[in-house]
């Protein structure tokens, strides 16, 4: 009887150890899996918001731009359009971005310049250009597919009171504008809380820091972020206000015709 109890206890310990090991293995995510969760984080079927973009130079001088922004999900493509409302020198300028879930398919981007009365398609060679004097490139404004990079989980740490994965991402293409990026991803929200960008020479170029995010209709929405180009000491502050989800934006909103027409 004692022998049977010993055997039973040993089997029980073995089973519990196996279960714990299995659970631990399931919880360990790869760098790619983590970045896929960031890429696929729900943001609603559609979104309307007022965006304030503040440009801050090294002397602390500011330029403020007011924008109306619309987004809509179409399953395998996300469409976004931005209309500049103020100041007068950029009023009626519009920008449209279509991001695709399909691996290897680049974003389609267009900008309408009212002074020229024409819509310009952003070529792949222009994706590294900075958008409207900001610290965001055209490429930054799109959604980079996780499969375009090789991701490595560097460590886990607490950042701004949030438990985060720290992921290093290396581009697979040789001529990409960034040699690598490092992202702090909040574990339970899949938000990139901080992102460091390194230029083609491997030097630290800029930081993106999320200052605020809100839970709106069960979706975590980033409402305030700051991009700081440390090489130029120039900053771009982005604030979203009056965010509305799932209002039923018409498909015709995301067309070249509407870029010219405005809101």
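Here are the numbers for the structure shown:
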| read-out | value |
| --- | --- |
| Hey, residue 197 within 17 Å of the chain's Cα centre (by Cα) and under 26 Å from residue 124 (Cα atoms) or not | yes |
| Considering residues of segment 52-75 that are closer than 30 Å to residue 249 by Cα and out of contact with any strand residue (DSSP E or B) (no Cβ under 8 Å at 6 or more places or on another chain) only, the residue surrounded by the most Cβ atoms within 10 Å (Cβ to Cβ) | 74 |
| Given (1) in contact (Cβ under 8 Å) with a residue 60 or more places away in the chain; (2) out of contact with any helix residue (DSSP H, G or I) (no Cβ under 6 Å at 6 or more places or on another chain); (3) more than 19 Å from residue 135 (Cα to Cα), index of the condition residue 51 fails | (3) |
| Filter result for the condition that a residue is farther than 30 Å from residue 166 by Cα and modelled with pLDDT under 95, over 14, 19 | 14 |
| Test: residue 188 is more than 13 Å from the chain's Cα centre (by Cα), assigned to a loop (DSSP other than H, G, I, E, B) and modelled with pLDDT under 95 | yes |
| Residue list for segment 114-129, filter: outside any helix (DSSP H, G or I), out of contact with any helix residue (DSSP H, G or I) (no Cβ under 8 Å at 6 or more places or on another chain) and surrounded by 14 or more Cβ atoms within 10 Å (Cβ to Cβ) | 114, 122, 127, 128 |
| Among the residues listed as 218, 246, 237, the single one being surrounded by 13 or more Cβ atoms within 10 Å (Cβ to Cβ), in contact (Cβ under 8 Å) with a residue 60 or more places away in the chain and at positive phi | 246 |
| Criterion: farther than 28 Å from residue 33 by Cβ, under 19 Å from the mean Cα position of the chain (by Cα) and part of a strand (DSSP E or B) - qualifying residue of 214, 241 | 241 |
| Only one of 135, 139, 106, 143 that is without any contact (Cβ under 8 Å) to a residue 40 or more places away in the chain, part of a loop (DSSP other than H, G, I, E, B), under 16 Å from the mean Cα position of the chain (by Cα) and under 22 Å from residue 225 (Cβ atoms) | 139 |
| Residues located in segment 31-77, provided they are over 19 Å from the mean Cα position of the chain (by Cα) and not in a strand (DSSP E or B) | 57, 58, 59, 60, 61 |
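The values are calculated or read from the model by the stated rules, or taken from the named source; none is laboratory data. All figures in this text were calculated on a predicted structure; none of them were measured in a lab. Here the Cβ is made from the backbone with ideal geometry for all residues, glycine too, and neighbour counts use every protein chain on show.
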